[in-house]
Amino acid sequence: MFLLKENTETVIEAAEHCDKDLTRSLVTRALQKDVNARDAIFNRISWQSDRGVRDCIRQRVEAILEIVKALATLVRAGDGSV
C-alpha cells in the first residue's frame with residue numbers, strides 16, 4: 001500500500017510547479033475536484049515527451065517514486081507478483 005502524505009492535490013500542485021505550460025484555470029478546476037480537469041493534467045504529464053516534468057514531480061512527491069518502482073517490478077515480473 002502506498003500513501004501520499006497529502007492527497008491527489010499534492011500531485012496536481014507538483015504538476016503545476018513542474019509543467020509551466022499548464023493553465024492556472026485547469027489547475028484550479030482540478031484542485032476543486034473536477035475529474036475532467038484532473039484527467040487532463042494526468043494525461044498530459046503521462047504522455048509528454050519531456051521526461052523532465054515527470055522527474056520533477058517524482059522529486060516533489062516522494063511517494064510517487066515508490067509507486068513507480070513497484071509498478072515497474074510488477075511489469076517486469078509479468079505475473080502480477082511483487
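Scanning region 7-30 for residues that are closer than 19 Å to SER49 by Cα, in contact (Cβ under 8 Å) with a residue 12 or more places away in the chain and surrounded by fewer than 16 Cβ atoms within 10 Å (Cβ to Cβ) gives a single hit, HIS17.
In region 39-59, what residues are over 20 Å from LEU26 (Cα atoms), surrounded by 10 or more Cβ atoms within 10 Å (Cβ to Cβ) and basic (Lys, Arg)? Across region 39-59, the qualifying residue is only ARG58. The set of residues from region 21-45 being under 11 Å from the mean Cα position of the chain (by Cα) and more than 19 Å from ASN7 (Cβ to Cβ) comprises ASN43, ARG44.
Under the condition of being at pLDDT 95 or above and closer than 19 Å to LEU71 by Cβ, the residues counted in region 1-37 number 2.
The values are calculated or read from the model by the stated rules, or taken from the named source; none is laboratory data. Just so it is clear, the structure is predicted and the values come from calculations on it, not from any experiment. Backbone-built Cβ (ideal geometry, glycine too); neighbour counts: all protein chains shown.
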